[in-house]
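Every number in this text was worked out from the coordinates using simple rules, so none of it is lab data. Small disclaimer: the values here were computed from a predicted structure and weren't measured. Please note: Cβ atoms are built from the backbone with ideal geometry, for glycine as well, and neighbour counts cover all protein chains shown.
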Amino acid sequence: MSMNINLTKVLDEIEKEKGISKDILIEAIESSIASAYRKNFSSNIDDIKIDISKDSGEVKVYTKKTIVQKVSEPLKEVSIDDLPISDKEKYNIEDTILVETTPKEFGRIAAQTAKQVIVQKIREAERNVIYEKYIDKERDIVTGVVQRIEHRNVIIDLGRTEALLLPNEQIRNEEYSKGKRIKIYILEVTKTSKGPKILASRTHPELLKRLFELEVPEIHEGLVEIKNIAREAGKRSKVAVYSKDERVDPIGACIGDRGSRIKLIMQELKDEKIDVIKWSGDEKTFIANSLSPAKVLLVNLFEREKTATVIVPDQQLSLAIGKEGQNARLAAKLTGWKIDIKSESEHKEENDPDSKNNLEKK
């Protein structure tokens, strides 16, 4: 019994265009047709086999039956007298044999079932293709378009799929208007029955790192290395850079001619301020650099407590600490040291006994 569609031709085209194995499709179709047969014709039979010809697309139903002398259960037994002569010679009473039981009206149901399976398998294959594409982009950045906002979640259109930007991964006070093109960092890609679920971020430090890699050829080429990043998304970041090649200025490379490179990165991140500082293997130098743009006079390290006391000129104290302590906080995060900032006069008072006595007399 042939189906009303040219099944083999369809399967060949799907295998070629979608990369779905013809054998896998046939196996899935046979399984679904078996379920359809039980549902529509005989729910009491478990031992059935569906056979689809790979060449003609013809569908046949076979039921496993026991050979008996006299049939008492027609659905499960077959009389030896009803077998072809060739089978009578091969089989004995109580042997089991596959008997064709294809119903006359089964062609339409089989064709409909096959179509449903094919559509389902194509969808699965397409979902897998999308998943494989974005699992490779996990921990990387992509460009998307803001599609809509649902319960404070921002849905980003990536073309063939969507990414989800949760509230805690959004830059505070950034406007996510429909149609806006933005770059996002892919945090996680998980496979679901509805397709891949993609979680994204606009606040992750790695987003900033990837933007530098895109805009600064020297980083992409390995001439300049980003050693560490401390970020308060949408407000301010500090990026520690280094070059093994003394001829290469790592800070200049990142900033670009007249700030051209850094401006592009800042614009992408809602004008987030970015301090590019020079990394050093010497902890004192690195800590001093990390408090840029403030000038540092002295750094004392207390290795055991992982604490640094930093002395700055009096007029630089507020700059070193930063608004609401932001500069000092980012410097501590960047270096891994707890930083205690003191003014030059405060330091002198603490270390000059005469100065202390004079203050007490006053």
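The figures follow:
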| read-out | value |
| --- | --- |
| Dipole of the stretch 7-132, positive direction: furthest Cα of L7, V78, I109, with charges on the beta-carbon | I109 |
| Dipole moment magnitude, nearest 20 debye, the stretch 167-274 about Cα centre, only Lys, Arg, Asp, Glu C-beta charged | 600 |
| Mean separation of Cα contacts under 8 Å, 6 or more apart, over the residue count of the stretch 141-201: relative contact order % | 36 |
| Inter-part distance where the stretch 272-345 and the stretch 175-232 are each reduced to a Cα centre, Å | 28 |
| Sorted peptide list for 76-89, 155-168, criterion being average Cβ within 10 angstrom, highest first | 155-168, 76-89 |
| Fraction of beta bridges assigned by DSSP in the chain that are antiparallel (%, nearest 5) | 70 |
| Dipole magnitude of the stretch 282-362 about its Cα centre (Cβ charges: Lys, Arg +1; Asp, Glu -1), debye to nearest 20 | 280 |
| Under 15 Å from the Cα of K238 - aspartates and glutamates, other chains or at least 8 residues apart | E206, E225, D271, E272, D275 |
| Theoretical ellipticity at 222 nm over the chain - DSSP helices of four or more residues, -39500 (n - 2.57) apiece, nearest 500 | -11500 deg cm²/dmol |
| Positive-pole candidate from T192, V142, Q170, dipole of the stretch 141-201, charges at beta carbon | T192 |
| Which listed pairs, of K16/K194; K16/K64; K178/K263; K197/K306; K137/K338; K183/K278, have C-alpha distances above 31 Å, in listed order | K16/K64; K197/K306; K137/K338 |
| Pairwise FRET efficiency - N351 versus K270, Cβ, R0 = 41 Å, nearest 0.05 | 0.40 |
| Percent RCO, i.e. relative contact order, over the chain, from Cα pairs under 8 Å lying at least 6 residues apart | 9 |
| Total formal charge among the other residues, if their Cβ is under 13 angstrom from that of I186, Lys/Arg +1 and Asp/Glu -1 | 0 |
| Unit charges on C-beta of K, R, D, E only; dipole of the chain, Debye | 1220 |
| For the stretch 282-362: relative contact order, % (alpha-carbon pairs under 8 angstrom, 6 or more apart) | 27 |
| Radius 14 Å from Cβ of Q112, net charge of other residues (Lys, Arg +1; Asp, Glu -1) | +2 |
| Taking all pairs of distinct alpha-carbon atoms in the chain, Kirkwood radius in angstrom | 27.2 |
| Highest-fluctuation residue, V145, V299, V276 considered, GNM on the chain with Cα pairs under 10 Å | V299 |
